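Enquirer: Could you have a look at this structure, given as structure tokens, before my questions?
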Amino acid sequence: MKTKSKYQKLSPLDHDAVKWNDGFWGRLHRLCRETILPRMREALDEPENGAVFSNFAVAAGRREGERKGTMWSDGDCYKYMEACAHIYGITKEQSILDDLDPLIEVIAAAQEEDGYISTPMQLDGKEYWTNHRDHELYNMGHLLTAAAVHYRVSGKRNFLEIAIKQADYLYDLFMPRPPALAHFGFNPSNTMGAVDLYRVTGDERYLELAACFVDMRGSQPGGGDQNQTRVPLREETRAVGHAVTAGYLYCGAADVVAETGDEALMAGLQRIWENAIHSKMYITGGTSAQHHGASERPEFGGSATDVHEAFGYEYSLPNATAYNETCANIANAMWNWRMLNLTGDAKYSDVVELVLYNSMLSSMSLDGLRFCYTNPLRWYGAEHPLLSQDTYERWRLLYCYCCPTNTARTIALLHNWVYSSSDQGLWVHLYGSSRVTTTLADGSEIGLTQHTDYPWDDAVRITIEAAPAHELALMLRIPGWCDAADLRVNGGESDAPLKPGSYARLKRVWKAGDVIELSLPMRPRLIKAHPKAEEIRNHVAVMRGPLVYCLEGIDLPDGLSILDVYAPDDMGLTASREEDLLGGLMAIKGVARHITEGNGSTALYRETGQERETDLEIRLIPYFAWNNRGISEMTVWLPRRY
Ligand SMILES: [Zn+2]
């Protein structure tokens, strides 16, 4: 089983190296194990849900019935199974494997003799490989990843054998590179899945298959931007098209780079990253500005193709119609996690953290029972015009159930994203109370605990429990937002540079009992956007640490609207812990301005000079916690009052 990728600067630790203690992510991990996954299992048995396990049993001839749910139902079921496997990886609860075994047995029975399995296609009697929107490769890709994780954490081969049989089928089908299949893979989890299978089996054919998937895209005429098939990735300069499809494609390509060192592919990914992150990403880490629209193609003389659920134009970041599908946001974090490990560059970890705390967590109710699909930055309450999959309140079941299982598996695997190792030593990417014990690349053992109430509190205390007898470097992430970090070792000041958006390097001979104290001061910050971002020009948003804050209408006095709240620069923002608010969180208070039309005009255009203005105390909550108190207005950006 491969644990190290040849062309990756940093390597993830073993699946059971890190265990959350309490703290922000530890509590969410427990919520995932105790609540999110058990309730999700029930949802996946309900016929009106978009993803259902029953399709496997019907396809296997075990029960009568017809296809339920979406064409991508299988893939969302596999994501649930992957999440369970990640939880097993650290809890080792036998009941988790016992619950998965009957599902795996039915999946095996539903698989066709040649290895094909995508039960909606099988049940509908559709001709295979005729329409890329049938999501055959999405379903198959998630099977490969779920089975690889299951094998990695349990050593059991029952799921793995299904994946191998399916991957062998795909190898025979795709390796001749049939032109008609060049652009297959909508939401292409298949490339990541093939690399995941390669990493657990060592079978080079699966890496060849993954590289083939990447190479084929854009290799034939007739491609479009929606599915990133117009321009081959190695030549691409822009992030365009469906933002989940794009994110999964970039993740798969990054996985191929990690194993092959393909420099042209890496250069393409870096160009796309610059375009996506510096001109198309929301302040929350969301990436799909467009519900329906057109691709941005100045290099083709502006010739655009139709896109939906897609990246927007450069600096075009509308708020009320921001689509920001949860899966696209998570794909953005997954892609940045891969780029981080390829390079060790903290600019990628900043995006990972931004997404996790904001546009991923915003998709789930605080109790872990209900979800949303889109993640807009402004909401007009019950008046809001709905886009497809939008709802006024969070839901338990939905026709398109991709996002809940994605959120669950990301929370379930997140302990794997806290650290990486390299030839230099141990890298700390995320802060959260946890304990790590691992063997580094040079064979030495290290153990340490992190104790922190991050992201509410700025203090991180790391205690060394075990260390090698020789020098070892610890690389501690200094977030890009933190310009006043302080670092001490055993009470003494460190001389390591603490540049925002970098890793502070502490190299010494460590001994058990050594204590590192990192302070990452979190003053509330007023953020403005690039002046080309016209929808938010002259607006400000409030951030504290990695968290984006928002104003919910329910926190305003009766009859007042978020639309009438303006933000002066001197709002006197202060953060304070409110234990009774939304399960306990850090709220931010300040004095804003309430401005209304003195003449009561509601006309589309009005002459200035009629406004009435008063002070207004406001309370802001973290964006991820919005929509937990009934239908209400919400906004992240407030117009700036000079
Ligand atoms: Zn989704």
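The values are calculated or read from the model by the stated rules, or taken from the named source; none is laboratory data. Remember, it's a predicted structure, so these values are computed and weren't measured experimentally. Every residue, glycine as well, gets a Cβ built from its backbone with ideal geometry; the counts of neighbours run over all protein chains shown. Protein only, heavy atoms only, side chains kept; ligands, DNA and RNA dropped before computing areas. Shrake-Rupley method; radii C 1.70, N 1.55, O 1.52, S 1.80 Å.
Enquirer: With a cut-off of at most 11 other beta carbons within 10 Å, and DSSP calling the residue loop, which trypsin sites (Lys or Arg not before Pro) in region 33-128 qualify? Please list them. Don't jump to the answer; show the numbers that get you there.
Expert: Working: sites: ARG33, ARG39, ARG41, ARG62, ARG63, ARG67, LYS68, LYS79, LYS92, LYS126; in loops: ARG62, ARG63, ARG67, LYS68, LYS92, LYS126.
Listed in order of number, the matching sites are ARG63.
Enquirer: Treating the Cα atoms of region 390-503 as identical point scatterers in vacuum, please give the log10 of the normalised Debye intensity I(q)/I(0) at q = 0.18, 0.22 Å⁻¹, two decimals.
Expert: With one equal scatterer per Cα and no solvent, log10 I(q)/I(0) is -1.01, -1.36.
Enquirer: Additional query: With a point put 7 Å past each Cα toward its Cβ, work out how far LYS507 is from GLU235 in nm, to one decimal.
Expert: Once both label points are built, they end up 4.4 nm from each other.
Enquirer: So who's got an amide H within less than 5 Å of the one on LEU472, skipping anything under 5 residues away but keeping other chains? H placed 1.01 Å off N, in plane.
Expert: ARG508, VAL509, TRP510
Enquirer: Under the 0.36 nm per residue contour assumption, what length would be gained going from the current alpha-carbon distance of LEU604 and THR574 to full extension?
Expert: Values: separation 30, 0.36 × 30 = 10.80 nm, distance 3.55 nm.
Net length gain for the segment: 7.2 nm.
Enquirer: In whole Hz, what ³J(HN,Hα) sequence does region 622-628 give by Karplus (6.51, -1.76, 1.60; θ = phi - 60°), x for Gly and Pro?
Expert: x, 3, 5, 9, 6, 6, 10
Enquirer: Given N residues in region 526-604, what is Rg(Cα) / (2.2 N^0.38 Å)?
Expert: Details: Rg = 14.7 Å, N = 79, 2.2 N^0.38 = 11.6 Å.
That ratio works out to 1.27.
Enquirer: For LYS126, which lysines qualify as cross-link partners when the Cα separation must be under 30 Å and same-chain residues fewer than eight apart are set aside?
Expert: LYS68, LYS79, LYS165
Enquirer: Another question about this same structure. Going Cα to Cα from LYS4, which aspartates and glutamates come in below 16 Å? Please leave out same-chain ones fewer than 8 positions away.
Expert: Within reach: ASP14, ASP16, ASP196, ASP203, GLU204, ASP255, GLU259, ASP423, ASP442.
Enquirer: Enumerate the calculated ³J(HN,Hα) couplings along region 434-445 in order (Karplus 6.51 cos²θ - 1.76 cosθ + 1.60, θ = phi - 60°), each rounded to whole Hz, writing x wherever the residue is Gly or Pro.
Expert: 6, 10, 10, 9, 7, 9, 7, 4, 8, x, 7, 9
Enquirer: In angstroms, what radius of gyration and Dmax does region 291-339 have, counting Cα atoms only?
Expert: Spelled out, the Cα radius of gyration and Dmax of region 291-339 are 12.6, 34 Å.
Enquirer: Rank ARG394, ARG593 by accessible area, highest first, at a 1.4 Å probe radius? Present the calculation step by step, with values, prior to reporting the outcome.
Expert: Values: ARG394 20, ARG593 60 Å².
Heavy-atom accessible area, descending, gives ARG593, ARG394.
Enquirer: Per the Kirkwood formula on distinct C-alpha pairs, the Rh of the chain is how many angstrom?
Expert: Values: mean 1/r = 0.0393 Å⁻¹.
Over the chain, the inverse of the mean reciprocal pair distance is 25.4 Å.
Enquirer: Given the whole protein assembly as supplied and a 1.4 Å probe, what does the accessible area of ARG508 come to in Å², nearest 10?
Expert: Counting only protein heavy atoms, the figure is 80 Å².
Enquirer: Rounded to two decimals, what ratio of Rg to Rh does region 480-571 give with C-alpha atoms and a Kirkwood Rh?
Expert: Working: Rg = 19.7 Å, Rh = 16.9 Å.
In region 480-571, Rg relative to Rh is 1.17.
Enquirer: Tell me which residues come under 5 Å, amide H to amide H, from HIS292 once H is placed; ignore anything under 5 positions away on its chain.
Expert: Here the answer is GLU309, since their amide H atoms fall under 5 Å of that of HIS292.
Enquirer: Heavy atoms only, 1.4 Å probe, whole protein assembly: order MET175, MET364 by accessible area, highest first. Display every interim value, and only then the final one.
Expert: Values: MET175 50, MET364 5 Å².
Reading off the accessible areas and sorting them downward yields MET175, MET364.
Enquirer: I'd like the carbon and sulfur percentage of the solvent accessible area for the chain, probe radius 1.4 Å, heavy atoms only, ligands and nucleic acids excluded.
Expert: Percent of accessible area from carbon and sulfur atoms in the chain: 48.
Enquirer: Students often get this wrong, so check it: of LYS347/LYS511; LYS9/LYS507; LYS2/LYS280, which have C-alpha atoms separated by over 28 Å? Write down the numbers at each step before the final one.
Expert: Working: LYS347/LYS511 31 Å; LYS9/LYS507 18 Å; LYS2/LYS280 35 Å.
Cα-Cα > 28 Å for LYS347/LYS511; LYS2/LYS280; rest within.
Enquirer: Still on this structure, please answer the following. Each residue of region 581-586 in order: what ³J(HN,Hα) in whole Hz does its phi give by Karplus 6.51 cos²θ - 1.76 cosθ + 1.60, θ = phi - 60°, with x for Gly and Pro?
Expert: So the J values, rounded to whole Hz, are 9, 6, x, x, 7, 8.
Enquirer: Residues with amide H under 5 Å of TYR401's amide H, sequence separation 5 or more or different chain, H placed in the peptide plane at 1.01 Å from N; which?
Expert: Long-range HN contacts for TYR401: GLY50, ALA51.
Enquirer: Which loop GluC sites (Glu not before Pro) in region 98-175, with loop taken from DSSP, have no more than 12 other Cβ atoms within 10 angstrom of their Cβ?
Expert: Hits after loop and neighbour filter: GLU113, GLU127.
Enquirer: Nearest 5 is fine: what % of DSSP beta bridges in the chain come out antiparallel, could you say?
Expert: Working: 77 of 83 bridges.
Rounded to the nearest five, the antiparallel share is 95 percent.
Enquirer: Using only DSSP helix segments of four residues or longer, with each worth -39500 (n - 2.57), what per-residue ellipticity at 222 nm results for the chain after dividing by its residue count and rounding to 500? Present the calculation step by step, with values, prior to reporting the outcome.
Expert: On the way: 15 runs with 198 residues, N = 642.
Roughly -10000 deg cm²/dmol at 222 nm, from the helical runs in the chain.
Enquirer: Whole Å is fine, so just give me how far the alpha carbon centre of region 491-526 lies from that of region 178-231.
Expert: 41
Enquirer: With a 1.4 Å probe and all protein chains left in place, how much accessible area per residue does region 1-141 have, in Å²?
Expert: Working: 5790 Å² over 141 residues.
Computed with neighbouring chains in place, this is 41 Å² per residue.
Enquirer: Calculate how large, on average over all directions, the projected area of the Cα convex hull of region 265-350 is; give the answer in nm² to one decimal.
Expert: Numbers: hull surface 23.2 nm².
Taking the Cα atoms of region 265-350, their convex hull projects to 5.8 nm² on average.
Enquirer: Can I ask one more? At a temperature of 25 °C and a viscosity of 0.890 mPa s, determine how fast region 166-234 diffuses translationally according to Stokes-Einstein, using the Kirkwood radius over alpha-carbon pairs as Rh; express D in µm²/s, rounded to the nearest whole number. Could you put the intermediate results ahead of the total?
Expert: Values: Rh = 12.2 Å.
Calculated translational D: 201 µm²/s.
Enquirer: Provide Rg and Dmax in Å for region 62-217, with only Cα atoms included in the calculation.
Expert: Over region 62-217's Cα set, Rg and Dmax evaluate to 15.0, 46 Å.
Enquirer: Taking a probe of 1.4 Å, how large is the accessible area per residue of region 353-491, in Å²? Write down the numbers at each step before the final one.
Expert: Values: 4180 Å² over 139 residues.
Dividing the accessible area of region 353-491 by its residue count gives 30 Å².
Enquirer: Ranked highest first by average number of other Cβ atoms within 10 Å, how do 594-601, 181-188, 509-516, 7-14 line up?
Expert: Working: 594-601: 13.2, 181-188: 23.4, 509-516: 15.0, 7-14: 19.0.
Result, highest mean Cβ count within 10 Å first: 181-188, 7-14, 509-516, 594-601.
Enquirer: In addition: Please give the direction-averaged projected area of the C-alpha convex hull for region 505-640, in square nanometres with one decimal.
Expert: Values: hull surface 50.3 nm².
Value for region 505-640: 12.6 nm².
Enquirer: Sticking with this one: Starting with the highest mean, order 166-173, 223-230, 239-246, 442-449 by the number of other Cβ atoms within 10 Å, averaged over the residues of each peptide. Mind dumping the intermediate values first?
Expert: Details: 166-173: 19.9, 223-230: 22.6, 239-246: 27.9, 442-449: 15.1.
So the order, starting with the most tightly packed, is 239-246, 223-230, 166-173, 442-449.
Enquirer: Can you list the GluC sites (Glu not before Pro) in region 503-583 that are in a DSSP coil and have 10 or fewer other beta carbons within 10 angstrom? Provide the component values of the computation, followed by the final result.
Expert: Values: sites: GLU517, GLU534, GLU535, GLU552, GLU578, GLU579; in loops: GLU579.
Of the GluC sites (Glu not before Pro), the ones in loops of region 503-583 whose Cβ has at most 10 other Cβ atoms within 10 Å are GLU579.
Enquirer: Taking the mean number of other Cβ atoms within 10 Å as a proxy for protection, how do you rank 495-501, 523-529 from highest to lowest? Please list the in-between numbers first.
Expert: Values: 495-501: 14.9, 523-529: 16.6.
The packing order, highest mean first, is 523-529, 495-501.
Enquirer: Any chance you could run the full-extension gain for ARG525 through GLU113? It's 0.36 nm times the residue separation minus the Cα-Cα distance, nm to one decimal. If you can, show how the numbers build up before the last one.
Expert: Working: separation 412, 0.36 × 412 = 148.32 nm, distance 5.91 nm.
Stretched out fully, the ARG525 to GLU113 stretch lengthens by 142.4 nm.
Enquirer: Would you kindly find the accessible area of THR237, with a 1.4 Å probe and non-protein molecules such as ligands, DNA and RNA excluded, rounding to the nearest 10 Å²?
Expert: 60
Enquirer: Contour minus end-to-end for GLU613 and SER388, with contour as 0.36 nm per residue of separation and end-to-end as the Cα-Cα distance? Walk me through the numbers on the way to the answer.
Expert: Working: separation 225, 0.36 × 225 = 81.00 nm, distance 3.75 nm.
Length gained, GLU613 through SER388: 77.3 nm.
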